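These notes concern the structure reproduced below.
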Amino acid sequence: MSYIPGDFWRICDRCGFKVRSSRTAKEWTGLMVCRDTCFETRHPQDFVRAAHDRQVVRDARPEHSEYVRMDLERITIDDTSTRIDQRGDAFLDTNEVQPGDL
């Protein structure tokens, strides 16, 4: 190679080869690389912007009382509360047992 005024040698940040500065380019990553072999353009997916998504419940309605609500000690069905133990079995008072329950 012959002397070219103002065209100095530069080491490519990617491959490590010695190339003329006129044959290098600065990437979007900030690296100075060979223009012909090592240069990579930025991927188009980096510029994609998400569309705003309004997540609104149409015709929202309040919760009804006939739904089952549970906590650790009580179960409530249709506004009637019954105590339960840790296994989930209901504690029944002998006065509450009806012949049809057995």
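Any read-out appearing in this document is the output of simple, stated calculations on the displayed coordinates, not a laboratory observation. The shown structure was predicted, so the numbers you read here are calculated from the model rather than taken from an experiment. So basically every Cβ, Gly included, is an ideal-geometry build from the backbone, and we count neighbours across all protein chains shown.
Between residue 42 and residue 14, what length in nm is gained on full extension when 0.36 nm per residue of separation is reduced by their alpha carbon distance? Can you show the working numbers first?
Details: separation 28, 0.36 × 28 = 10.08 nm, distance 1.55 nm.
Using 0.36 nm per residue and subtracting the Cα-Cα distance, I get 8.5 nm.
Once phi is turned into ³J(HN,Hα) by the Karplus curve 6.51 cos²θ - 1.76 cosθ + 1.60 with θ = phi - 60°, what whole-Hz value does each residue of the range 31-47 show in order, with x for glycine and proline?
Result, ordered by residue: 7, 9, 10, 4, 5, 7, 10, 9, 5, 10, 7, 6, 5, x, 5, 5, 9 Hz.
Could you sort 35-44, 20-29 so that the peptide with the highest average Cβ count within 10 Å comes first and the rest follow in order?
20-29, 35-44
Would you kindly state how much longer the chain becomes between residue 58 and residue 27 on full extension, computed as 0.36 nm times their sequence separation minus their alpha carbon distance, in nm to one decimal?
Roughly 6.3 nm would be gained on extension.
What does the highest-first list of 47-54, 3-10 look like by mean Cβ count within 10 Å?
Working: 47-54: 5.6, 3-10: 9.2.
Answer by packing, highest mean first, reads 3-10, 47-54.
Amide H of residue 14: which non-local residues (sequence gap of 5 or more, or other chain) have their own amide H closer than 5 Å, using H built in the peptide plane?
Distant-sequence amide H within range of residue 14: 34.
Near the amide H of residue 20, under 5 Å away, which other amide H atoms are found, from residues 5 or more places off or on another chain, if H is placed in the peptide plane?
Amide H neighbours of residue 20: 10.
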